[in-house]
Amino acid sequence: MAYQHIELVQSDRIATIWLNRPRYRNAQSRLLLDEMTDAFRKLDYDNSVKVIILAGRGDHFSAGHDLGTPKELEDQARYPFGEGTMGRLNRSWHLFIENSLRWRDVKKPTIAAVQGYCIFGGFMIASCMDLIIAANDARFLPSHLQLFTAPWDLGIRKPGRDGLPTGG
């Protein structure tokens, strides 16, 4: 698969999947998600790769789902998931739930390198990684907690001095 919306870079045993739509703050189109899934699958099977990093080109990791760039609207018309409520449900299930589970199941350590916006769907993909490293300018706005993913999204917190969890 030739990638148009991500960039795959390998250096020694580390592979980086770059979300590469900085003009749109790395908003996630169907094409970008399909490319991410393909890259994770290939890297998971590549025994020379020991760690996978997911990062975003430009100022932001990801501002979430692509809700209306011209290319995304054209793609939605070309590849519909059906009409009405069931169409929206099918789209959400196939693009977001199934892909999230695939990314979480990658057997190698995965790291999200987050800068700038990491909101809604951006938080969804970052939380699928084993570890999130946040730059000083990272801004998180989680969602999709209705899918009962809070144990993955939030994870275990490091205890404070009093032994109680911090953060939250």
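What is the one condition in (1) modelled with pLDDT under 95; (2) of a type outside the set (Phe, Trp, Tyr); (3) on the phi > 0 side of the Ramachandran plot that ALA2 does not satisfy? Tallying (1) modelled with pLDDT under 95; (2) of a type outside the set (Phe, Trp, Tyr); (3) on the phi > 0 side of the Ramachandran plot, ALA2 fails exactly one: (3). If you check ILE119 against the conditions, is it over 30 Å from TYR45 (Cβ atoms) and modelled with pLDDT of 85 or more? Taking the combined requirement at face value, the residue satisfies it. Within segment 14-59, the set of residues being more than 15 Å from the chain's Cα centre (by Cα) and more than 22 Å from ALA135 (Cβ to Cβ) comprises LYS42, LEU43, ASP44, TYR45, ASP46, ASN47, SER48, VAL49, LYS50. The single condition from (1) more than 22 Å from ILE133 (Cα to Cα); (2) in a strand (DSSP E or B) that MET1 fails is (2). You will find that of ASP34, ASP66, ASP75, ASP38, the residue that is touching a helix residue (DSSP H, G or I) at 6+ places or on another chain (Cβ under 7 Å), within 15 Å of ILE125 (Cα to Cα) and of a type in the set (Asp, Glu) is ASP66 and no other.
Quick check on segment 4-27: of everything there that is of a type in the set (Lys, Arg) and out of contact with any Phe, Trp or Tyr (no Cβ under 9 Å at 6 or more places or on another chain), which residue is farthest from PHE61 (Cα to Cα)? Applying the filter and picking the extreme gives ARG13.
The values are calculated or read from the model by the stated rules, or taken from the named source; none is laboratory data. Predicted, not measured: the structure shown is a model, and the values here were computed from it. Cβ coordinates were reconstructed from backbone atoms using ideal geometry, including for glycine residues, and neighbour counts include every protein chain displayed.
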